[in-house]
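The values are calculated or read from the model by the stated rules, or taken from the named source; none is laboratory data. Just so you know, these numbers come straight off a predicted model, no measurement behind them. Methodologically, a virtual Cβ is constructed for each residue, glycine included, from the backbone with ideal geometry; neighbour enumeration extends over all protein chains shown. These accessible areas exclude ligands, DNA and RNA; they are computed on the full protein's heavy atoms, side chains included. Shrake-Rupley method; radii C 1.70, N 1.55, O 1.52, S 1.80 Å.
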Amino acid sequence: MVGGVGEFVSEYLDRGLVLVIADLLSLITVSSCLVIKVPQINTIRANESSKGISVLGLCLELFSYTVMLSYNYTSGYDFLSYMEYPVLLLQEYVLIFYAFKYQDLLGKRTQVVAVLYGIVVTLIYLKLFPIIILTFLVPFCTPIGATSKVLQLLAILRTKDASSVSRTTWALSAFTNMTRIYTVFFQSHDWMLLSNFLISTFLSASVFAAACFYKKKTLKAD
């Protein structure tokens with residue numbers, strides 16, 4: 001038994017230090033993503049307000065997460081390299097619910113769109129959704145994901161209020177996107193994914209900086 005474990009460890013380390021570090025960063029990223037949206041959800045619930053939160057940005061983010069998960073899943077990439085997406089999606093659903101709730105957007109139209117979304121996701125999971133459509137959509141995830149973050153940044157700048165924005169969530173977002181730059185570069189060499197994470201890192205850091213600035217101003221005003 002001990003010899004078998006030792007042989008497994010030896011074979012694993014033979015992959016090279018670069019890939020071992022990539023796996024370690026993947027685990028750190030996934031661990032961070034387990035709670036990345038929780039501070040934001042708790043902030044909205046505690047304030048009973050989603051002021052300063054861009055619901056359009058959240059919807060675009062949901063679209064981006066869904067497509068990226070589907071693309072990685074159907075492409076057969078190493079699960080560790082994208083395992084954070086299922087976790088992020090679950091938290092995104094909860095976050096969208098509370099953001100919509102406190103902006104009175106949980107009407108019939110929202111419910112219909114949610115049902116249609118569920119049908120598409122089910123088809124993707126069953127691999128009945130045309131892969132050519134996913135391949136077409138992937139390049140749009142970078143501008144869409146970037147737009148979602150730009151909208152959030154603009155929402156903070158427009159309202160000059162970051163009381164409902166969690167700095168912890170955006171700091172973790174910048175960190176996890178940064179770690180993915182390394183893992184994607186050394187594991188899949190997928191330049192579409194790499195460009196997505198480079199841009200996401202910069203924009204998440206920008207939202208974090210804006211949230212810090214306006215929270216300080218709010219505290220001084222109080």
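Quickly run through segment 152-162 and pick out the residues that are surrounded by fewer than 19 Cβ atoms within 10 Å (Cβ to Cβ) and assigned to a helix (DSSP H, G or I).
Kept after step one, since they are surrounded by fewer than 19 Cβ atoms within 10 Å (Cβ to Cβ), are these residues of segment 152-162: 154, 157-161.
L154, L157, R158, T159, listed by residue number.
Tell me yes or no: at least one residue of segment 60-67 is more than 24 Å from M178 (Cα to Cα) and either touching a strand residue (DSSP E or B) at 6+ places or on another chain (Cβ under 9 Å) or charged (D, E, K, R) (or both). Quick ask: steps written out before the conclusion?
To start, the set of residues in segment 60-67 that are more than 24 Å from M178 (Cα to Cα) comprises none.
Among the residues of segment 60-67, not one is more than 24 Å from M178 (Cα to Cα) and either touching a strand residue (DSSP E or B) at 6+ places or on another chain (Cβ under 9 Å) or charged (D, E, K, R) (or both), which makes the answer no.
Any residue in segment 90-105 that is under 21 Å from V165 (Cα atoms), within 14 Å of the chain's Cα centre (by Cα) and without any contact (Cβ under 8 Å) to a residue 40 or more places away in the chain? Steps first, answer last, please.
Going through segment 90-105, the residues under 21 Å from V165 (Cα atoms) turn out to be 90-105.
Those left that are additionally within 14 Å of the chain's Cα centre (by Cα): 90-96.
After this cut, where a residue has to be without any contact (Cβ under 8 Å) to a residue 40 or more places away in the chain as well, the list is 90, 93.
Checking segment 90-105: at least one residue is under 21 Å from V165 (Cα atoms), within 14 Å of the chain's Cα centre (by Cα) and without any contact (Cβ under 8 Å) to a residue 40 or more places away in the chain.
Kindly indicate which of V207, V165 is outside any helix (DSSP H, G or I), touching a residue at least 40 places away in the same chain (Cβ under 8 Å) and either β-branched (V, I, T) or closer than 24 Å to G76 by Cβ (or both).
On the way: V207 fails: outside any helix (DSSP H, G or I).
Answer to the check: V165.
Is it true that F140 is open to solvent by 70 Å² or more (accessible area, probe 1.4 Å), within 18 Å of the chain's Cα centre (by Cα), modelled with pLDDT under 90 and within 17 Å of L62 (Cα to Cα)? Give the steps one after another, and end with the answer.
Details: open to solvent by 70 Å² or more (accessible area, probe 1.4 Å): yes; within 18 Å of the chain's Cα centre (by Cα): yes; modelled with pLDDT under 90: yes; within 17 Å of L62 (Cα to Cα): yes.
So F140 fits the description; yes.
What single numbered condition from (1) farther than 20 Å from W170 by Cβ; (2) in contact with a helix residue (DSSP H, G or I) (Cβ under 9 Å, 6 or more places away or on another chain); (3) not in a loop (DSSP other than H, G, I, E, B) fails to hold for Q111?
Of everything listed in (1) farther than 20 Å from W170 by Cβ; (2) in contact with a helix residue (DSSP H, G or I) (Cβ under 9 Å, 6 or more places away or on another chain); (3) not in a loop (DSSP other than H, G, I, E, B), Q111 misses just condition (2).
Select from segment 125-137 the residues that are assigned to a helix (DSSP H, G or I) and surrounded by 14 or more Cβ atoms within 10 Å (Cβ to Cβ) and list them in ascending order. Even if it seems obvious, please write down each step before you answer.
Narrowing segment 125-137 to residues assigned to a helix (DSSP H, G or I): 125, 131-137.
Matches in segment 125-137: L134, L137.
Yes/no matrix, rows are residues, columns are (1) among the polar types (S, T, N, Q); (2) in contact with a Gly (Cβ under 9 Å, 6 or more places away or on another chain); (3) surrounded by fewer than 18 Cβ atoms within 10 Å (Cβ to Cβ):
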position: T29; (1), (2), (3): yes, no, no
position: P39; (1), (2), (3): no, no, yes
position: R45; (1), (2), (3): no, no, yes
position: K51; (1), (2), (3): no, no, yes
position: G57; (1), (2), (3): no, no, no
position: S75; (1), (2), (3): yes, no, yes
position: Y85; (1), (2), (3): no, no, no
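Kindly indicate which of T29, T74, T122 is out of contact with any helix residue (DSSP H, G or I) (no Cβ under 9 Å at 6 or more places or on another chain), assigned to a helix (DSSP H, G or I), at pLDDT below 90 and β-branched (V, I, T). Steps first, answer last, please.
Values: T29 fails: out of contact with any helix residue (DSSP H, G or I) (no Cβ under 9 Å at 6 or more places or on another chain); T74 fails: out of contact with any helix residue (DSSP H, G or I) (no Cβ under 9 Å at 6 or more places or on another chain).
T122 is the lone residue from the list that is out of contact with any helix residue (DSSP H, G or I) (no Cβ under 9 Å at 6 or more places or on another chain), assigned to a helix (DSSP H, G or I), at pLDDT below 90 and β-branched (V, I, T).
Taking into account only those residues within segment 164-184 that are in contact with a helix residue (DSSP H, G or I) (Cβ under 6 Å, 6 or more places away or on another chain) and open to solvent by 50 Å² or more (accessible area, probe 1.4 Å), which is farthest from V30 (Cα to Cα)?
Here is the first cut: in segment 164-184, the ones in contact with a helix residue (DSSP H, G or I) (Cβ under 6 Å, 6 or more places away or on another chain) are 164-174, 176-184.
This time we only want the ones that are open to solvent by 50 Å² or more (accessible area, probe 1.4 Å), so: 167-168, 178, 182.
On the way: R167: 19, T168: 16, M178: 13, Y182: 14 Å.
Only one residue tops the list, namely R167.
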